[in-house]
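Trainee: Have a look at the structure that comes next, please.
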Amino acid sequence: MKIKEGFVTRKIGDKILAVAVGERSREFNGMITINETAQFIWKCLEKDTTVDNVTQKVIEQYSIDEATARQAVENFIFELKQNELLDE
């Protein structure tokens, strides 16, 4: 799974936004505000990967336990799916 082509994150002021660019902006009109952890997960999902791989990277980045990391990853992936931002 990975983030669909045509979506990027940008930091504007103190906010991090996920936005559509180019042709994708015709299909997706809006922005999603995300936090720094979600941005880290987003960056992991820019290349084809798995929940397990992303969870491991979150554990390493934030020095947290596996259950907490997996919950954060799965919650964010659910949001991405709800907004049709993820290719599986």
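The values are calculated or read from the model by the stated rules, or taken from the named source; none is laboratory data. All of these numbers come straight from a predicted model, not from anything done at the bench. FYI the Cβ positions are ideal-geometry reconstructions off the backbone, even for glycines, and counts take in every protein chain you see. Remember, those area values only see protein heavy atoms, side chains included, never the ligands or the DNA or RNA. Shrake-Rupley method; radii C 1.70, N 1.55, O 1.52, S 1.80 Å.
Trainee: Restricting region 58-85 to residues that are open to solvent by 100 Å² or more (accessible area, probe 1.4 Å), in a helix (DSSP H, G or I) and at pLDDT 95 or above, which is nearest to residue 2 (Cα to Cα)?
Mentor: Checking each candidate, the answer is 78.
Trainee: Between a first residue in region 14-27 that is farther than 11 Å from residue 85 by Cβ and a second residue that is open to solvent by less than 60 Å² (accessible area, probe 1.4 Å) and assigned to a helix (DSSP H, G or I), which pairs have beta carbons less than 7 Å apart while being 6 or more apart in sequence or on different chains?
Mentor: Pairs found: 16/39.
Residue-by-condition table, conditions (1) at pLDDT below 95; (2) in a helix (DSSP H, G or I); (3) open to solvent by 40 Å² or more (accessible area, probe 1.4 Å):
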{"residue": "16", "(1), (2), (3)": "no, no, no"}
{"residue": "29", "(1), (2), (3)": "yes, no, yes"}
{"residue": "49", "(1), (2), (3)": "no, no, no"}
{"residue": "52", "(1), (2), (3)": "no, yes, yes"}
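Trainee: Of the conditions (1) in contact with a Phe, Trp or Tyr (Cβ under 9 Å, 6 or more places away or on another chain); (2) surrounded by fewer than 16 Cβ atoms within 10 Å (Cβ to Cβ); (3) not hydrophobic (A, V, I, L, M, F, W, C), residue 9 clears all except one; give me its number.
Mentor: (2) is the only condition that residue 9 fails.
Trainee: Looking at region 34-47, can you tell me whether even one residue there is assigned to a loop (DSSP other than H, G, I, E, B), surrounded by fewer than 16 Cβ atoms within 10 Å (Cβ to Cβ) and in contact with a Lys or Arg (Cβ under 7 Å, 6 or more places away or on another chain)?
Mentor: Checked against the condition, which is being assigned to a loop (DSSP other than H, G, I, E, B), surrounded by fewer than 16 Cβ atoms within 10 Å (Cβ to Cβ) and in contact with a Lys or Arg (Cβ under 7 Å, 6 or more places away or on another chain), region 34-47 yields at least one hit.
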